[in-house]
Structure formats: C-alpha cells, structure tokens
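**Q** My questions will all concern the structure given below.
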Amino acid sequence: MTDQPPPGGSYPPPPPGPSGGYESPSSGFEPPAPPPPPSGGSYPPPPPAAGGYAPPPPGPAVRALPTESYTPWLTRVLAWLVDSVPIAIVYSIGWVIALLTQQSQCVSSITQYDVSQYCYPQDSIIGLLAQGLASLAIFVYSIWNFGYRQGTTGSSLGKSVLKIKVVSENTGQPIGFGMSIVRQLAHIVDAIICYIGFLFPLWDAKRQTLADKIMTTVVLPIG
C-alpha cells in the first residue's frame, strides 16, 4: 500500500514556534554582530586606497615658545663668523697668489714736449686662474654648508659649533635643501635695508631676522 498525500493536496503545516508564529527554515541563522567601537567612541578611519597618499602626522610646532627659548643674537653672529672662516681662507689664498704673480704693464706717452712712461700692475693668467678656482670653491662650500648641511640637519658648520639649528616653526623640523637655499637668498631683504634686518633678533619676540619671518623659520638651541 503506497503513501498518498492527504486530501486537499497539501501536507499539514509545521508546528508553531515558541513565539506562537511559524518559523521559516532559515530563521535560525543570525548575522554576526559588528565589533564594539573602541574606547574613544568611534571607529578608526579606513586605510587609504591603494596608490593613495596618507599625509604624515604633523610635527611639534614651535610658535608659542618664550623669547628666551630662541637663540640669542650674539650666538647667531658667532655662528656666522665660524661659517665665514673657510670662505675667508680660500679667498685669501686666491688673492695672495694673484698678488704674487702680478706682472707690470707699461705704457709710453709721447707728446710734443715730453716723453713719459706709466707702469701699472696687472694680474697674470695664473693669478686669474687662482681667483677663479677660489670663487668656485667658495660657491661649492656655500651650497654644501647652507643648503645641504643646514637644510637636512638644521645646522651649518658654524651652527654645529655653537650648538644651534634652523627649523620650521610649523613643524619643528629642518626645512630641506631647496628651502634652505631660498632662506639664504632671503637674507638679501635683511641687507637691502642697511643691514637692519640682521639686527631684528635683538628686539623680536622670536629673535627672527626678516628672512626668518619670510620663511617662517626660527633658530633654536640644540638639546
């Protein structure tokens, strides 16, 4: 005897669930709950997309330091003198070689009443070459000292001796090679007003020159 469906062509409904209603076969599956947020009350931002740029965290700003925390004017002058020693030595060598190798150039003047001769010193080829090499050496030294060295470490040769450094007042970090060169060029503004711009650290609250204000840099002691 074969089983046949009950009259009406349908099976009896499934038994009711605990709540009194009928449960579908998939009602037992529940999606996992999301993890609770961290203690700060919000989820961290998603990571940047592939190939995107994530800006570095800002460094410590040095805008609000008291005046005594910045490098005094006299210390900055001493650092500049130390930086100038190699320049003075190289220039002097070129000048001495040119002086010792000078040649006398004479010109005769003949008039109706007088015959005279005038002699004057003239630089030799060796002297001109020595002065040219000296100028090239000074240029290379300045690019290295005030551009690369000061831009990457914050300190030129003289500033290293006096234990001071140039940093951005926005980040507290050295300003880099290119901006350090621009800062040196900005000292033209300090010199163009009768060099008064170099005296600004004597009364300025941050002891900045005009070039420092243009480049938003400050000079701080190391350590």
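**Q** Using 15 Å as the cut-off for backbone N distance, which residues of the stretch 107-123 belong to the label zone defined by a point 7 Å from the Cα of LEU99 along Cα→Cβ?
**A** 121-123
**Q** Which whole-number percent of Cα pairs in the stretch 71-221 have a distance greater than 27 Å?
**A** In whole percent, the share of Cα-Cα pairs in the stretch 71-221 beyond 27 Å is 40.
**Q** Only Cα pairs under 8 Å and at least 6 apart count here; give the relative contact order of the stretch 71-221 as a rounded whole percent.
**A** Result for the stretch 71-221 is 23 percent.
**Q** What FRET efficiency do you get for LEU129 and SER92 if R0 is 25 Å and r is their Cβ-Cβ distance, rounded to the nearest 0.05?
**A** Taking R0 as 25 Å, the efficiency between LEU129 and SER92 is 0.95.
**Q** Something else: Please give the length that would be gained between LEU81 and THR171 if that part of the chain were fully extended, namely 0.36 nm times their separation in residues minus their C-alpha to C-alpha distance (nm, one decimal).
**A** 29.6 nm
**Q** Tell me, in nm to one decimal, what length is gained between THR111 and VAL161 on full extension, where the rule is 0.36 nm per residue of separation less the Cα-Cα distance?
**A** Gain on extension, THR111 to VAL161, equals 11.6 nm.
Values quoted throughout were computed directly from the atomic coordinates according to the rules given, and no laboratory measurement underlies them. Since we're looking at a predicted model, the values are computed, not measured. Every residue, glycine among them, receives a Cβ derived from its backbone with ideal geometry; neighbour counts consider all protein chains shown.
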